[in-house]
Each structure stands twice: as C-alpha cells, then as structure tokens.
Amino acid sequence: MLWDSGQRRCRLSIRVAFLLTLASFGLSGPVFAQASGSNSHAAALTHSPLTDPAIEKRVDALMKQMTLEEKVGQLAQYSSGAPTGPSAGNADYPSMIGRGEVGSLFNLDSVRAANQYQHIAVEKSRLHIPLLFGLDVIHGFRTTFPVPLALASTWDPSIVEKAARIAAQESSAAGVRWVFSPMVDVARDPRWGRIVEGAGEDPYLGSVMARAYVRGYQGKSLRNKESVAACVKHFVGYGAAEAGRDYNTAEISEHTLREVYFPPFYAALSEGSVSLMSSFNTLNGLPATANPFTLTQILRKEWEFPGLVVSDWTSVGELVPHGIALDGAMAARKAITAGVDMDMVSDSYHQHLADLVKSGKVSQPRLDEAVRNVLRVKFALGLFEDPFTDESREVHGALPKERVEHARLAAERSFVLLKNSGAGSRPILPLAGDPGTIAVIGPLADDANNMLGPWSGRGRPEDAVTLKTALEQRVGAGKIRYAKGAEFQTASDAEIQKAVEAAQGADVVVLALGEEAAAQSGEAASRAYLNLPGRQEELLEKVTATGKPVVLLLFSGRPLTLPWAFEHVPTIVAAWFPGIQAGPALVRVLFGDVAPSGKLVVSWPRTIGQIPIYYNALNTGRPAGDTDLTHPPTNSPEKFVSRYIDEQNSPLFPFGYGLSYSSLEYSQTRVDSSKLSAVGMNETLRAVASDKSAGATASAMVKNTGNRAVDEVVQVYVRLTGTSMEEPVRKLVGFKRISLAPGESQTVSFPLGADAFSLWDMENHLRVEASHVQVWISPDSSRGLPVALEIVE
Ligand code: BGC
C-alpha cells in the first residue's frame, strides 16, 4: 500500500557497501532475535544525499586519522541554552569541544554563539571537525506557521513544503543546519499532547506530509547554505503511548507497525531525510532506543538507511529507569549496539564508550559505522568547507512580506469549520460585511504568545497578530467590545460577568477559547480530560445564554470533547494554534473573503470513553449498524454487537470532515475497470518505476451547488475483503485539493494501482492479493457510496 514504486530500485553500490558493513559487524545472531525471519519486506531506500562516493572517500580518509576518543566525541551531543528536557548538564563545552569530545550542540540562542563554538571546533580541536548545530524547528523558526496538526489539516503538501523551506532559510541563517523535524508519529489518541506535532491518525496522509517537510528542509541540495538536514522522529510507536500518557509503553504487532506506524518514516527517508531520532517509549517490551529490531533489522538491513540515528533527549540514560540497563555503561552498550549513533544529552557515550570498545563489549566496526554516519551528514552539508554562518543573513527587523503571507495562507487553509448553523435559516458564518458591534471574548482573543503554539522555535509574540487586533483593523476599534472573560485555569465571577455584558451589548459574539499552548498541549502535556480548561465552559454557557449569535473558535492542539458546546453553540471552528498570522487569517475566514477548507486529520471523539478512535479501524465480527458500511455506521439496538451501551460508536466528526460556505455534491464513484490482475500489480510493486497502468482509475464529479467559490479536499478510500489479513473498513489512498467556482463541476480522477491495493501479508511481505475492493470518492471518511471492483489472481 504505502511504498512508492519509484523508490523501489535497489542501488547495488549502497547495498553492497551496507552488506559488507553488516558482515563486518558480525550481525547475524542475537541482534536480530526479534526479527520475523522472513526477508524482502520493503524495498531499500534509493534516494539519499548521503550516498555519494566522494563523501565516502573523505569519510574514509578522516576516519584513518581519528583516535578512539575523537570518534566517541563525534557521537556526543549536548544542549547549550534553554533545555527542552530534564538535566541538560552543565559541562564545560568550550574545553570539551577543543578536545574533540563533542559532535553536535543544540538549543543555542544565537548565531554568534554558534560561530563562537564553531571557531573552537575547527581551530582548536586536533582534526578541525566542525560541529553540527541542531534545534527543534517544528513549525517554523521565526516565521511561525500553524502547528503541524493544523498544517496537515490543510491537506496541502505544497503549503507544508514551502513552510519548511522558509523554516530552513531562517534556521540556517541562525547557524542551525539540523532540524528535529518532521515528527511523523501516527497518533490515534488525543489525550497524548504530542498529537499536535504530527499529521494525525492516517499513515497515507502522514507519508505525504512527511515527504513535503523533507523536501522543504533539505531542498534540492543539502550543500546549499539555506538547506538543513531533516530528522524524522520518533522511531517508533511513540504516538501509541498507552492511555495517551507521554513517554508510556506501546505494544504494536509487526503487522501493524508495517501497515500503520512505519510508512511515514519510510516516506521521509525515501525522500532523503538524512537523520532519524529514536523514541522514548518501550516498544513490545524493549525501549525503542535499544531496539535492534526497529533500529537495525528494519532501518539498516531492510531499508538500508545510510544516515544518522540520534537518540531522543537522555533516552540512552533512561534505559536505566526502564530497567534494561544497570548503569550508564550498560545503557551506552545497549543503545549503540541496537543502532543509536549519537547520544543526545545523556552523556553515557562520552563517559563509557571508549572503555566499552577497549574491553570488546562494543565492537570497533559498530563504533566506526556510527561515526561514519555522523561524518557523512557533516560532509553532505558542506560544513567542512564552510563551517561558519554569515551573521548578516539573519533578519532582525520585520519579517519579509512573502513569509508573512505564507503564514497567513497556511493558517487560512488549516481552519476546520465543524458546525455552522445559526439564526433562522442563515448560518452565522460568513459574517455580513457590516455585522454591527462584535464582542470578542476569551483568553485567546488577544494573546499573541499563545497563537504561536507549542514548540514555537524562535517565534516571537511581537510578530503575531491576534484576533482582536485583526478585527479592530477590519471593522474599526469602535465596533469591538473586548472582554477576556477568563484566564486559562481560573476566572472570577466579575470577569465572567463583564464578558456577558460585552456580549449583551453586541450584535455578534466571537469567543476565543481553548488550551494554553505550551502548558496544555505538546510534550509532557497529556490530558485525562479533554474539556475547556478552568472556567471557560462556564463562560461559554453564560455568553451563549445571552441569545446573541455566537461563533466559537477553538484554539487547541487536539480535538476537545465538549458535548454541551456542540449541542448548543451554533457555529464552531477548530482554529488549532494558527501561528503569527492567526488574527488576519481568522478574520478573512470569518468575513468570507475566503471559505474555510481545512479537513480533520484526526477523528473528533464524542467522549473520552471512545478513545482511541480512528477511522481506519478493523471491523469486528459483530459490527454495530450497517454491516456493509456503505453509510455512516449507526448503532444497532441489538445487544451482542460491538458497541457501547451508553454512546454511539461513531466519532462526533469523522476523519476528513470539514464544512465550507457552499454546498457540494458528489456523483457516484466510477472505476474504468472492474477486474484487475494481482499478478500485474505485483509486478509493478517490484518494478523500477511506478506503473499505474496495471491498476484502475477512479473518478467522480464534484459540483459546487452553492453561490460561493470554495476549495474542496476530495478524498479516495478503499476497502479490501477476501484478503489473507484483515484490512481496515476504509483506508485513504489519495486526495486532491480543488477550487470550485459557484456552479462549477469538476471530474476528479485518481489512478489507483499497486500502492492503493497492496497489504502486508502474514509473512510480512507487501503484495496485492485476489480480493474484492470497494472504492469511495467522498468528502470525508464516512460518506459516499462505494463502487466495487475485483482483483483476480
Ligand atoms: C523531544 C524531541 C526533541 C528533543 C530535543 C525531546 O524531549 O522528545 O522531540 O527533538 O527533546 O529538544
């Protein structure tokens, strides 16, 4: 299903070099104990900026000159500046760098600091090896774009690619040539705070977005001074943390890893991402940072990844609390043997690796390969030729217009209109040209800092335009009645009362409620309640009780469960954390300059009891509601079926859902061929280039039946039955964002071939099987009538 045929070609040279390396490690015994034993799972990666014989030669030459200590130095990474995890350490970095004991630093706060450290590395250390500077650039560096969950909600990879390119330009101007992004963890649990950092619950959409980030960061050439190395993370299963609690254990079968969790990683790596980060969580009984199955068997042996693997923050040292290491030395041995090249912050490699190699507990070839993986990236970035950053490149004044405009466009496309009913037959949105007096209420209405969202790089609140400011610019300050109404966690009766009065005196009310960006969303921000924090729900109820038309804008890093609001508030928009252009983008959408066009990338639960909830689930033998799943499932009154006795199974809003300001009609889906050959498609799976001719083309007519121009994200889903392994009730295999003028119709076509119809079989081979297929072209994951086709042997 999710491997591009174009990536399947095996480059002999990489393969041979890789196999020689494995042979020299003696990797045949216990390291692969978790492997399934079968071979030829996924095709090896074919495109990497690292597979360059000229680089290899230079790595060889340098390796010959390096002492054991200098090699270990390349594998040590430290944080200098504001820490992004516990125990950053207070090492004397200048002396360490001078002795060649540091390979990488991150979290530096200025380009000047980077250049200063770099001078020490290239002038004082014996071999003059440059440092590699990293940073968590997650949705922009200074130009802060919407959070990644929102960027994915645009369903527009070109938006994401350009945002990543701007982030690369700004990061590199600050001396940062390595970004710890994209985060591609598939997440099906909104309790997990880090769901905000990824592309949601779907592996196909996640793969498309992963590729877009990598293209943007790494550009056409890594040597370009405006390009940065990507780091796809967190490998793997971090998004499946039990109970949505951060850093918690995950249990995922190899089949599900291959079907759901691996694909976005493979996509990022096949797009050329030169590095990968291992995750904190335990996966199937073994911490991911010491897991040879994922880090060596899959990543190195099956995919033949030639790049750099860095641990997550102190995750090497954390093997001790996990209980699989008794001390730092044992932790270092387990991590490097499993496949972690660089130790982020824990200092375990720095302290123990040289002794471990001397005593033979870690093999010299494994150490050498780890060092080579680091050096390859440094050479590919051109750091040896040009280690410093021209300090005049950084923008200190106002941000360039083009970047600001892209931030606005990205935000506009990311908003998801969840509900838009209203007074009488007219929906509240879009607002009329002159809506009268507007009450703007809520802790997020005028909070620039929180518009940036969690992980906001070097984003500055002073660059962000709030909703209140943008509304004032639009209609004039005299027409705005602002009341904060509540803090995130608290509110006084007087504050709430003031907000109610502001609403009473207005013609329309816009409420900006939600989470506090970094405290209630992102890392270490798992929530057991997905309501509006503090007294915000009370504020909402009291303001709604005024009877004024209310628009609720939800700012959050996840879906929130708000049964009262969804029943009583007429208009609700998921605004996520929109970035620096929050206000202008929201105002343009509120007034209908542009129609909302974002669609959900996570199922929106009715209640926490439904979590984990995701559209691409397996059926049960006793499904509730329609067994043929041609309609949104409705729960059956029968007892012995798979359902809750006190709630529906379906989410409140399905994956792919989002309203617009117009009405759209989809025709019946058609396919140009009702019988396909599995043999033909399996050939294309193995072929060099993607050949869609062995498949079918699905199409449907989409018509804008309303009177406003809109963008629509048209989605195509399949279900396979009669297969060797059970397949999801629907899975996304393609999508297209189209623009439709009022009254306009477009036929939207999707070529569907082996990529769409393949699955991982019992032996963990990817193949197309004889099966029955249903195909839907639909506006979301729960609507539409499918068309059938058959795949024969
Ligand atoms: C996070 C990573 C991040 C790293 C460095 C960790 O706590 O899990 O995503 O890249 O810190 O800041």
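The values are calculated or read from the model by the stated rules, or taken from the named source; none is laboratory data. Note that the structure is predicted; figures quoted are calculated from it, not measured. Here Cβ is always computed from backbone atoms with ideal geometry, including for glycine, and neighbour counts include all displayed protein chains. Just the protein is used for accessible areas: all its heavy atoms, side chains included, with ligands, DNA and RNA removed. Shrake-Rupley method; radii C 1.70, N 1.55, O 1.52, S 1.80 Å.
Here are a few things to note about the model shown:
- Karplus (6.51, -1.76, 1.60) ³J(HN,Hα), θ = phi - 60°, over the range 60-72, in Hz, Gly and Pro reported as x: 3, 5, 5, 4, 5, 8, 8, 7, 4, 5, 5, 5, 4
- Across the range 540-557, rounded Karplus estimates of 3J(HN,Hα) from the backbone phi angles (6.51 cos²θ - 1.76 cosθ + 1.60, θ = phi - 60°) give 4, 5, 5, 5, 5, 5, 5, x, 6, x, 10, 10, 9, 9, 9, 9, 6, x Hz, Gly and Pro being marked x.
- For the chain, size of Cβ-based charge dipole, Lys and Arg +1, Asp and Glu -1, in debye: 1080
- Volume per residue for the range 447-551 equals 106 cubic angstrom (convex hull of Cα atoms).
- Taking only alpha carbon atoms, the range 501-594 gives an Rg to Rh ratio of 0.97, where Rh is the Kirkwood radius.
- Carbon-plus-sulfur accessible fraction, the chain (probe radius 1.4 Å, protein heavy atoms only): 52%.
- Length-normalised contact order for the range 66-140 - Cα pairs under 8 Å, 6+ apart - percent: 32
- Set of aspartates and glutamates with alpha-carbon distance to Lys703 below 17 Å, sequence-local pairs under 8 removed: Glu665, Asp711, Glu712, Glu744, Asp780
- Reciprocal of mean inverse Cα separation for the range 280-420 (Kirkwood radius, Å): 18.1
- Here the contact order of the chain, divided by its residue count and restricted to Cα pairs under 8 Å and six or more residues apart, works out to 14 percent.
- With respect to the chain, whose longest principal axis is taken over its alpha-carbon atoms, helix 348-358 is tilted by about 30°.
- On Cα atoms only, tilt of 401-414 relative to the major axis of the chain in degrees: 60
- Relative to the longest principal axis of the Cα atoms of the chain, the long axis of helix 364-380 lies at roughly 60 degrees.
- Net dipole in debye of the range 338-461 [+1 Lys, Arg Cβ; -1 Asp, Glu Cβ; about Cα centre; nearest 20]: 440
- Whole-Å semi-axes of the range 363-435's equivalent ellipsoid (Cα gyration tensor): 53, 23, 7
- Distant-in-sequence amide contacts of Lys419, defined by a placed amide H-H separation under 5 Å and a gap of 5 or more residues or a different chain, comprise Ile572.
- The phi-based Karplus calculation (6.51 cos²θ - 1.76 cosθ + 1.60; θ = phi - 60°) puts the 3J(HN,Hα) values of the range 755-768 at 4, 7, 9, 8, 8, 8, 8, 4, 8, 6, 10, 8, 7, 9 Hz, whole numbers, x for Gly and Pro.
- For the range 68-211, the Kirkwood hydrodynamic radius comes to 16.6 Å, computed from all pairs of different C-alpha atoms.
- Magnitude of the charge dipole, the range 142-217, Cβ model with Lys/Arg +1 and Asp/Glu -1, debye to 20: 240
- Probe 1.4 Å, accessible area per residue of the range 520-565, Å²: 31
- Remark: the range 48-103 projects, on average over all directions, an area of 5.6 nm² (convex hull of Cα atoms).
- For Thr669, the residues whose modelled amide H falls within less than 5 Å of its own, excluding neighbours fewer than 5 places apart on the same chain, are Ile777, Leu785.
- Computed over the range 532-591: relative contact order in percent, which uses C-alpha pairs under 8 Å that are six or more apart: 34
- Using alpha carbons only: equivalent-ellipsoid semi-axes of the chain, gyration tensor based, whole Å: 43, 33, 23
- Pairs beyond 24 Å (Cα-Cα), from Lys57/Lys358; Lys71/Lys358; Lys57/Lys220; Lys57/Lys225; Lys484/Lys542; Lys599/Lys731: Lys57/Lys358
- Dividing the summed -39500 (n - 2.57) terms of all DSSP H runs of n ≥ 4 by the residue count of the chain sets its mean residue ellipticity at 222 nm at -8000 deg cm²/dmol.
- Ratio of Rg to Rh for the range 639-731: 1.07 [Cα atoms; Kirkwood radius as inverse mean 1/r over pairs].
- Cross-link partners of Lys401 among aspartates and glutamates (Cα-Cα below 16 Å; sequence separation of 8 or more within a chain): Glu170, Glu462, Asp463
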